[in-house]
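Visitor: My structure is below; once you've seen it, I'll send some questions.
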């Protein structure tokens, strides 16, 4: 990913979080909103689409959204009441099998 895209994601993520918090009642530590709002922002602002999902016990559904084009990714928890909260976000998303230690060493990434 280009350095400019990395910087945009680092700057945009807090702005995205602030926008969601402004429209939702949430604890200060959480970035939450309705699932429809959050998914729409991930799609329109970052080009992210859902790449996987799973149940998290009684807590709700965990979803991973990512963009192969920009390399950004987001992990979202949607609770039974429909409220969705961002759990993590980052960059340099790689779709497919997890690379072995040799590949990570050559790329300069820890692992």
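The values are calculated or read from the model by the stated rules, or taken from the named source; none is laboratory data. All values derive from a computational prediction rather than experimental measurement. Virtual Cβ from ideal backbone geometry, glycine too; neighbours counted across all protein chains shown.
Visitor: Among the residues of segment 18-47 satisfying the criterion of being modelled with pLDDT under 50 and buried (at least 17 other Cβ atoms within 10 Å of the Cβ), which is farthest from residue 80 (Cα to Cα)? Write out each step before concluding.
Guide: Taking segment 18-47 as the starting set, the residues that turn out to be modelled with pLDDT under 50 are 18-29.
Retained after the next criterion (residues that are buried (at least 17 other Cβ atoms within 10 Å of the Cβ)): 20, 24.
On the way: 20: 19, 24: 16 Å.
Checking each candidate, the answer is 20.
Visitor: So, one more: Looking at segment 71-93, which of its residues are assigned to a loop (DSSP other than H, G, I, E, B) and more than 14 Å from residue 50 (Cα to Cα)?
Guide: Filtering segment 71-93 for residues assigned to a loop (DSSP other than H, G, I, E, B) gives 71-72, 79-82, 91-93.
Residues satisfying the conditions are 79, 80, 81, 82, 91, 92.
Visitor: Also, quick follow-up: When you look at residue 38, is it outside any loop (DSSP other than H, G, I, E, B), under 11 Å from the mean Cα position of the chain (by Cα) and under 16 Å from residue 91 (Cα atoms), yes or no? Steps first, please.
Guide: On the way: outside any loop (DSSP other than H, G, I, E, B): yes; under 11 Å from the mean Cα position of the chain (by Cα): yes; under 16 Å from residue 91 (Cα atoms): no.
It is false that residue 38 is outside any loop (DSSP other than H, G, I, E, B), under 11 Å from the mean Cα position of the chain (by Cα) and under 16 Å from residue 91 (Cα atoms).
Visitor: Just checking, which of 57, 71, 47 is at positive phi and in contact (Cβ under 8 Å) with a residue 40 or more places away in the chain?
Guide: On the way: 57 fails: in contact (Cβ under 8 Å) with a residue 40 or more places away in the chain; 47 fails: in contact (Cβ under 8 Å) with a residue 40 or more places away in the chain.
Result of the check over 57, 71, 47: 71.
Residues checked against (1) under 15 Å from residue 36 (Cα atoms); (2) surrounded by fewer than 21 Cβ atoms within 10 Å (Cβ to Cβ); (3) in contact with a strand residue (DSSP E or B) (Cβ under 8 Å, 6 or more places away or on another chain):
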residue: 49; (1), (2), (3): yes, yes, yes
residue: 54; (1), (2), (3): no, yes, yes
residue: 59; (1), (2), (3): no, yes, yes
residue: 63; (1), (2), (3): yes, no, yes
residue: 66; (1), (2), (3): no, no, yes
residue: 72; (1), (2), (3): no, no, yes
residue: 80; (1), (2), (3): yes, yes, no
residue: 84; (1), (2), (3): yes, no, yes
residue: 87; (1), (2), (3): no, yes, yes
